[in-house]
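Below is one structure, written out as structure tokens; comments come after it.
The values are calculated or read from the model by the stated rules, or taken from the named source; none is laboratory data. Please read these numbers as outputs of a predicted model, since none were measured by experiment. Because the Cβ atoms are built from the backbone with ideal geometry, glycine has one as well, and the counts that use them run over all protein chains shown. Just so you know, the surface numbers come from the protein's heavy atoms only, side chains and all, with ligands and any DNA or RNA stripped out. Shrake-Rupley method; radii C 1.70, N 1.55, O 1.52, S 1.80 Å.
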Amino acid sequence: MNNQVNYFVNPMHLFQKDADSKTELAQQTRSDNKQHLVTGFRKEWIELLFRFTIIKIAVKNYSNPWHWLAVPLALDKKRRKNIGEHRLYKLANVGKTYYWSLYTPGWSRNSASFKSFIASEMNRIVPIKGKTNRFTSAYVAITKKCSLQCEHCYEWDNLNQKETQSEDKIHQTIARLQEKGISQIHLSGGEPLLKVNLIADIVRKAQKGTDFWVLTSGFKLHNENAEKIKAAGVKGVMISLDHYLHEKHNMFRGFKDAYYWVETAVHNAIENDLTTALSICVTRDFVTQNNLMQYALLAKKMGVSFIQILEPRAVGHYKEKEVDLTEEQIQLLEKFYLEMNYSPKYKDFPLISYHGYYQRRMGCYGAGNRSLYVDSDGDLNACPFCQKKSGNILNDDFPTVLEELQTNGCQQFKGSTD
Ligand code: SF4
């Protein structure tokens, strides 16, 4: 029996601890914070360099000098259309990379993924000669195995079933996405860290120009694994934390040490310079002003760069359940999102990513528009929450399946025409 199976059977194997070590760990995470938010003059300076890089990309890709300024300006206009006339007072900084948002590659002087992402967005405005990325991001499930029993799990029906995708097939899946061009790949599951060697192998063998993220419950993100995935080239980790209270998170995740795993994982991710996001599924019971604020305060203390807000959907473990938020709760979330990101009062809080805000205004970017989900059978779906299989990425003709995916569209929001 290999180690992975061992850990899966007995998750406690990895996390022998006592109450004192928990407190110590939380304090270390706060005091040794290696990723931070950049504000003030430094933020303005980075933004200037960022704009300069965009103009350089336009100069490189267009022969008509008119496009050198017109296309960057059109990009900026598009951004304003998305977020409104809001001014960002902070950037997330990890090592030499600066981030404006969670789902776009960060900027650094030599970031290939940032450059190809910008060129691809420019291509949507004025076509560029040569290859650009077809996708901004994809979620790829690399295992069906997981030790948890999460209340909202979208993979519930597949969880802990027999694997159908060999490691070789997963490598081929990544290669197929990269052939089309892709800025970010989010490796998910099940619990992807149960296959940590596969993660390292995927990232090492992948072509340059794609950022890899790992979506995890925090289970098995001990220091050795954080070091391993960082060394392989993983850019960031998204760690699920669904409540600021230990016992509520543990109950939501169906395991008594789930909160401790999150604390450990955040600490190890930050120590190893992995860009770190917390991801929360905001349930009806959770969405109050006080709970949102408590959560943001905890995320700030932990030192993460981002918080991702996901709304619950009636799929997987929530299938046929009444989980939709009320109109008032959606309004509260939108207000919270705007204040946290765009009010100078919260400039030292993590950046928030809230898909629902854009999806209600711009339509959905999933379903093969800019993003898609490859499930643990290698089948294409609009996103992890809109699960209507459109065909298999390896067994079927990819362009035909993509067309089908776009025709099926998002099951919740209208598709974006952008
Ligand atoms: S949501 Fe993720 S961590 Fe939770 S049971 Fe499902 S696959 Fe596992």
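Per residue, the stretch 135-408 exposes 36 Å² of accessible surface when a 1.4 Å probe is rolled over the protein heavy atoms with every protein chain present.
Here's the list of aspartates and glutamates a cross-link from Lys208 could span, going by alpha-carbon distance under 12 Å and ignoring same-chain residues fewer than 8 apart: Glu179.
What list of whole percents do you get for P(r) of the chain, with Cα-Cα distances grouped in 20 Å bins up to the one holding the largest distance? Distribution as computed: 26, 62, 11, 0 percent. Think of it as helices only: each DSSP H run of n ≥ 4 in the chain is worth -39500 (n - 2.57), and spread over all residues that comes to -13500 deg cm²/dmol at 222 nm. The modelled label-to-label distance for the pair Lys60/Asp168, using points 7 Å beyond Cα in the direction of Cβ, is 3.7 nm. Mind scanning Lys90/Lys321; Lys169/Lys321; Lys162/Lys319 and naming the pairs with a C-alpha gap bigger than 27 Å? With Cα atoms farther than 27 Å apart: Lys90/Lys321; Lys169/Lys321. Each residue of the stretch 197-205 is assigned a 3J(HN,Hα), and the resulting list reads 5, 5, 4, 4, 5, 4, 5, 5, 7 Hz, derived from the Karplus form 6.51 cos²θ - 1.76 cosθ + 1.60 (θ = phi - 60°), x at Gly and Pro.
If the segment from Phe41 to Arg109 were pulled out straight at 0.36 nm per residue, it would be longer than the present Cα-Cα gap by 22.6 nm.
Per residue, the accessible area of the stretch 36-125 comes to 54 Å² when a 1.4 Å probe rolls over the protein heavy atoms.
The charge dipole of the chain, taken about its Cα centre with unit charges on the Cβ atoms of Lys, Arg (+1), Asp and Glu (-1) only, comes to about 1720 debye.
Among beta bridges identified by DSSP and lying wholly in the stretch 135-408, the antiparallel ones come to about 10 percent.
Farthest toward the positive end of the dipole of the chain, out of Phe385, Thr283, Ala112, is the Cα of Ala112, where the dipole comes from beta carbon charges about the Cα centre. The Cys residues in the chain with no partner Cys Cβ within less than 4.7 Å of their Cβ are Cys146, Cys281, Cys383, Cys386. Excluding same-chain residues fewer than 8 positions from Lys300, which aspartates and glutamates have a Cα within less than 14 Å of its Cα? Straight-line reach from Lys300, under 14 Å: Asp32, Glu263, Asp348.
Between Asp324 and Lys131, the contour length at 0.36 nm per residue exceeds the Cα-Cα span by 65.4 nm.
Counting only protein heavy atoms and a probe of 1.4 Å, the accessible surface of the chain is 51% carbon and sulfur.
If the segment from Arg204 to Leu245 were pulled out straight at 0.36 nm per residue, it would be longer than the present Cα-Cα gap by 11.0 nm.
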